[in-house]
1. Decide, for the range 81-142, between rounded, prolate and oblate: order the square roots of the alpha carbon gyration tensor eigenvalues as a ≥ b ≥ c, take rounded if a/c falls under 1.5, and otherwise choose prolate if a/b is larger than b/c, else oblate.
2. As a footprinting exposure proxy, order Trp96, Trp110 by other Cβ within 10 Å, with the fewest listed first.
3. Sorting Glu15, Glu254, Glu282 on the 10 Å Cβ count, fewest up front, what's the list?
4. Looking at the chain, what % of its DSSP beta bridges pair antiparallel, to the nearest 5?
5. In the structure displayed, which of Lys312/Lys385; Lys297/Lys324; Lys324/Lys484; Lys143/Lys324 lie more than 30 Å apart, Cα to Cα?
6. Find the eigenvalues of the gyration tensor of the Cα atoms of the chain, then list the square roots of 5 times those eigenvalues as equivalent ellipsoid semi-axes, largest first, in whole angstrom.
7. Run the helix sum for the chain: -39,500 (n - 2.57) per DSSP H stretch of 4+ residues, divided by residue count, reported at 222 nm to the nearest 500 deg cm²/dmol.
8. Calculate the dipole size of the chain relative to its Cα centre from +1 charges on Lys and Arg beta carbons and -1 charges on Asp and Glu beta carbons; express the result in debye to the nearest 20.
Amino acid sequence: MKTHKRTRVCISVCEKDLNALQNACERAIEWADFVELRFDCLDAEPENIAQVLSSFPRPVILTFRPSEQGGHRDVSREEREAFWKMQAARGDSIWWDVEADLVRDLSPDWSRTIVSHHDFAGVPTDLEQIYERLAQTPARVLKIAVQAKEISDCIPVFRLLDRARSDEREIIAIAMGNAGIATRILGPSRGAFLTYGALDDDSATAPGQVNARKLRSRYNIDAINDETMICGLVGLPVMSSFSPRIHNAAFASEGINGVYLPFEVRDVNSLFKRMVHPLTRELTWNLRGLSITAPHKQAVMECLDWIEPDAKEIGAVNTVVVEKKRLLGYNTDAAGLIDPLQRHLGSLADRRVAIIGAGGAARAAIWALQQHKAMVTLFARDVAKAQTLAQSFNVSCQALSSASFSGLDLVINATPLGSGEHIDQSPVTQEQLSGARLVYDLVYNPIDTRFLQEARKAGCATLGGLEMLVAQARIQFELWTGKKFKLPQIVTD
Ligand code: NAP
């Protein structure tokens, strides 16, 4: 493995008053190599700001961004110019991040100047010309931040990084938004001068900014280099998934130079054509594998060269392996679902099972349980809609609202109820669950769901979705690396 210099992570701090600013800066020291003070966030410039700047143990970047360029202060061009001239008079040895429209009228220390361009509306078609205009200034570092609406918006940003590397220019190039997170995590390994991180999960100063602690601890950003094997989760949404925690912890514990990222994707066909398939992709990267989650598990099948027979029968792929010039598809959900069940119930033959929901997870669950000779009934809110699935596996389908699960061996929730925007919901009541033996929620975030709480109140044994997630991830890991992973410590914050 190549040795790699420490990646520069800059924590951006946006606070309204000096005390909060000082406190945030002190907390930032632990994870940051640079700290950006967003002066435009302060209510007014405090007189004793020099205290913060002079004694600070990390290089400081000063930013005073006007609202029309994504900042927090309505300031005229004249006020901005006056602000920077006052900073120059003070003579602090700090970095300046100055917008391109103003930088030529100032006389900064160019060796500590970042000239920046922000576009919060999308990716401009003249990105290369913007780069060229910034490169004509004497500023040491060029910064271009654009808004990614789709993951393929990362492509022009990666191209900019490649161009700057060959031009030997220092650059920060970012695709903002969740769809652009790959540029924030992989950017430094492709030559970016630094990457920005947030102080906390809820204190991002730009869309898609990742907590700086997680950049270092979860994504191991200091170890990412050109040879790092890249894997990730494709879906919508993906940001609350535990998969990055599991796979990155597994890479670390097995000593594998790999990173696993969240890829927020709307158009799965475009992703596979432009970024994934080795014969058509527009990006050079060491992509090895993808997990696929809702809503793409069926649509992705069109994008692959080979699909294992079991996944074809299930009708859903949740794992992709990039193998030389081909893409291979697998389904690890089915085996992942069974693994913890067998530990709790032993043999599944002749067990009476209810599956709630009729989406991708239900599909894998029916197939897997039938393989183990269980007797499955499907329960759906819309029976007519669920009939297609029920008929394709020859199971009966009943209305969820009038269901009673008394006497069943197993009831499985294969709906998203209990997570995300449905966090306080359960697909069924305590009364409906009463008399069932084991209740299994495929939802794993949160670990204890409303469905499981109702089941416990009804006196049922319970099983959460995390065991399945880990079990299916083990198989994915083996497909991508050829190795088995021991269960690593999964950080659950
Ligand atoms: P999906 O394809 O979107 O299917 C969701 C199903 O839930 C659909 O049939 C939908 O019904 C039904 N549903 C949604 N809201 C409902 C409501 N209010 N009442 C009743 N039914 C409702 O999603 P999926 O991929 O199957 O995933 C389902 C859940 O399983 C997700 O939470 C996912 O995270 C979890 N999962 C966990 C693991 C794991 O490893 N633990 C693996 C896979 C999936 P309609 O068809 O009527 O819309």
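All of the numbers you see were taken from the coordinates with simple rules; none came from a lab. All values derive from a computational prediction rather than experimental measurement. With ideal geometry, Cβ positions are generated from the backbone for all residues, glycine too; neighbour counts draw on all protein chains shown.
1. Working: a/c = 2.59, a/b = 2.01, b/c = 1.29.
It is prolate, given that a/c is not under 1.5 and a/b is the larger ratio.
2. Taking fewest neighbouring Cβ atoms as first place, the list is Trp110, Trp96.
3. Values: Glu15 19, Glu254 15, Glu282 12.
Lowest to highest Cβ neighbour count: Glu282, Glu254, Glu15.
4. Details: 8 of 77 bridges.
Given both bridge residues lie in the chain, the antiparallel proportion sits at roughly 10 percent.
5. Values: Lys312/Lys385 21 Å; Lys297/Lys324 22 Å; Lys324/Lys484 22 Å; Lys143/Lys324 35 Å.
Beyond 30 Å between Cα atoms: Lys143/Lys324.
6. One finds semi-axes of 49, 25, 19 Å for the chain.
7. Roughly -9000 deg cm²/dmol at 222 nm, from the helical runs in the chain.
8. 1620 debye
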